[in-house]
Every structure is written in structure tokens, then in C-alpha cells.
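Structure, as C-alpha cells:
What follows is calculated from the coordinates using simple rules that are stated; it is not laboratory data. Keep in mind it's a predicted model, so treat the numbers as computed, not measured. Every residue, glycine as well, gets a Cβ built from its backbone with ideal geometry; the counts of neighbours run over all protein chains shown.
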């Protein structure tokens, strides 16, 4: 999209581990998210957006490449996009955009980051070397609290949080940006609301756990065995429901912090008269159980909507307002949409589709299908968390991630490969080990009644499996384009 003879700027606000149903614009009656809600009122709210992988790195790699995790092995926390892989950020930079990346990267290696960003600033773990490094705050990783509910931070620590510093840098960039310069792509990526559950006190105690909806039950039949095993290894039978409800309440407080940070960036656009020259998009890499099913965080081959369904809000100047899209869409579609508006052609084959027609109000299709995949084969020992080489520092009983890593070393069948397919109101989950799942989300939105083993639904399972096989064949790889 070109305004006044120049391409639109882009502000991409990205969070870590934020599920869709925690925002007011997605129907949450308790959560206070006025800035997310403002984007929904000023633009388009995609009500059914699914990630391609339920864990950070795999999801982010799919976002930036338009490839499903199986295409190039981006299925573990250790396998990043390298300098030989194409990615959409590089396309924007090569097209003349001033690409600024502030915050958690967690998907591009050192050289790929240098190739893709004009400037980067962020977590030591998440980005490499290019310009300035902001030292991360110390998290009490070794509290032994496997439920991940930590004590609140002091309010005075708010300005010292890495996420706050990243937003400060984004605001500073907008304050100093001069119209007439190359268009910018400002990507601000927060670590919040990623567990462990802690935040300064004013957010920590913002919500009363008693005001929250009931958590999803943990005594359900035909759910995957790994749910029970996670609870056993984490000693969650000793954790009362009030603690899990407090996890959910603090998680909402962390979401409110993210909303406040988003508001600061929107205000900077307004103050610098950049709002009508800038596309705003916000989403997340995956969700969080946050107490549902008596569980916290996520799991590599778990595909509940808590984990796989994320917000996607896009505001394009002079486009439809208060526009809601019910069609199923994938995170793979986000960057192709932005490239479409920028008039840039991707330099590699990918599987994303531009959503511009939906933003413009064109008819939705009821036949859309989305896929998510995760997990590892036992032969892929390089993928599992808890290995001596890569996780020695964390493999201690007092580490809050210890049970998660121990399961992946002792019960590797619990992390087997799996694939989710969502079609209309049906969700199918197929795994190489353990329980498969089928849900009719029209009548069972909380995914409490697994129909996979009910013979009355055999035909639906067969039809969806065949379609899943076709999808795997069509997306099994990509052939590099010949260099001109």
C-alpha cells in the first residue's frame, strides 16, 4: 500500500505465550485490554488464528519463513533460522525498509539477524551481537515452584524490565523518525506474558481469581496421557485449585502489562503523526494453559486452543473498522499480507496467503483449513530438552523447568510427533504414540469430550486424515528458486 507516493510503515507488536481468549476484543469479560480493543475497533480482528507450532522457536520460524515446521526441521528450541534460509524480514530490508527489531528474537541466528535487521536490540538469548545488548533481568528460575507462580516484583522494578526497555527503544525510534526517510518496519517483541507468572505488584494483584471463569477440568477421560504425567512429575496433586486460579489471574495481569506497552507505541505513532502512515499488526507465537486442565505453560505436542489459537489484529489506514473475520487463518499468512500491502514479492516459495482480501471485506470461505504440528521422534535426540550438552545448567531439581526436561529424558514417548488439523468446527489431532483426539468445537468449545474413539465419528476421522495426508504431500518441501 502506497500513500503519498511512498510505502506504508509497519509496526508489529509481538508477545510470547498469549492465547486469544485473554483479550477483551476476543470476548473476555474480565480482562482490561483497551489498546488491543482499540486496534480491533479501528481495524480487523481475526477471530480464528492458529499457529503452526505450539512452542516458541518452531512457531516463530514458521512466522518468518512461511514454512511449516516439517519443511526445514524447525521443530525444537535449538534449531533457528540460519543465514542460508530465506525469511520475510530480509525481504523487507532488501526492499529498502529500515528494519528495527527490539526484544525477544528466539528464531534467527547471529548472521541471519545481521542480514535481516538494520538495527536490533534485545535479549542476549534472543538476538546476537549486532548493535547494543540490554542486560536481562534476573528471573528466579531456581525457586523450585513447578507451578511457576512466583512472588510479585516491586513496582519500582517496572522500568528495569527488559520488555519495558524494548518498548522504550521503540518509542524513542518513533520520536526520532523523520518523514521522508525510508519506510520503517518496527518489530517490538516482548517476553511477556510468558511464564513464570510474575509481574510488578500493580499488575500482579489487578485481578481477583474469584472473578475469573472456571478453569477447564483436569479429570477428563480420553485426554492425552502426557497431561497426567506432567502433573505427576510436577507434583501438581499437591497444588490446590486456588493456586492455579491465581496463576490465571497473574497471567491476566501480565497481559494487561502488554496492553499498556502496546498503548505507549500507539501513542508515539499519534504524537509523531505517523498513525495514518503505518500498518499496525499484533499477534503472539502460541498460548498458555495458565491453570486450565491443572497445567501451566505449554507442551511440544499439545494442541488445545489454549495453546494454538492466538490473537491477530491488523489496522490498515483507511480500511474497514470494527471488522471481524471468522475464517480460519494461519500465522503463516501474516507476513504475506504485509508484503502484499508493501508491494514486495517474497524471494522464496512459501505456504502463506495474503489476508488483504479479507481485510477489504471480501467474502470469507467456509472451507479454510489450518494445521499445527510439533513433537519429536525418539531418533531425534538433538531435539529433546534436558540433554547434558545443551541444558546442563538447568537440569537441577530446584529449576522450575526441571520436571518438563526430566519427562523429555525419561518418558520420551510423551513428546512424540503430532499434527493438528482444524476444519470448520472439527479439530483432529493425530500422534505417533498415545492418544489421538477429535472434537466438535461447535458444541464442545472447551475440548472436553474426545470423540476420536467413538465409532459414530469414524467417517469424519477418515476424511480428515486423508486431507491431512494430502497437505503433507503438498508441503513436504520447497525447491529453492534459481538465482537470476
Once each part is reduced to its C-alpha centroid, what is the distance from region 198-217 to region 41-57 in angstrom? 23 Å
From Cα pairs below 8 angstrom and at least 6 apart in sequence, can you work out the relative contact order of region 305-396, rounded to a whole percent? 27 percent
Which order results if 150, 355, 108 are arranged by neighbouring Cβ count within 10 Å, fewest first? 150, 355, 108
Take the Cα of residue 380, step 7 Å along the line toward its Cβ, and report every residue of region 226-241 whose backbone nitrogen sits under 13 Å from that point. none
Normalised by the residues of region 72-120, what does the relative contact order come to in percent, with Cα pairs under 8 Å and at least six apart? 45 percent
Relative contact order for the chain: what is it in percent, counting Cα pairs under 8 Å that are at least 6 residues apart? 24 percent
Using a 10 Å cut-off around each Cβ, can you sort 424, 104, 201 from fewest to most neighbouring Cβ atoms? 424, 201, 104
Can you say what percent of the DSSP beta bridges in the chain, counting only those with both residues inside, are antiparallel? Round to 5. 45 percent
If you compute Kirkwood radius over Cα pairs in Å for the structure shown, which of (1) 24.6; (2) 25.7; (3) 22.8 do you land on? (3)
Ascending count of other beta-carbon atoms within 10 Å, so fewest first, for 14, 303, 117, 393: 393, 14, 117, 303
Measuring from centroid to centroid over Cα atoms, what is the spacing of region 357-375 and region 259-326 in Å? 17 Å
Projected-area average for region 307-393 over all orientations - Cα convex hull basis, square nanometres: 9.6 nm²
Take the Cβ-Cβ distance between residue 387 and residue 446 as r, set R0 to 35 Å, and report the resulting FRET efficiency rounded to the nearest 0.05. 0.50
Distance in nm between label sites at residue 82 and residue 479, each 7 Å beyond Cα in the beta-carbon direction? 2.4 nm
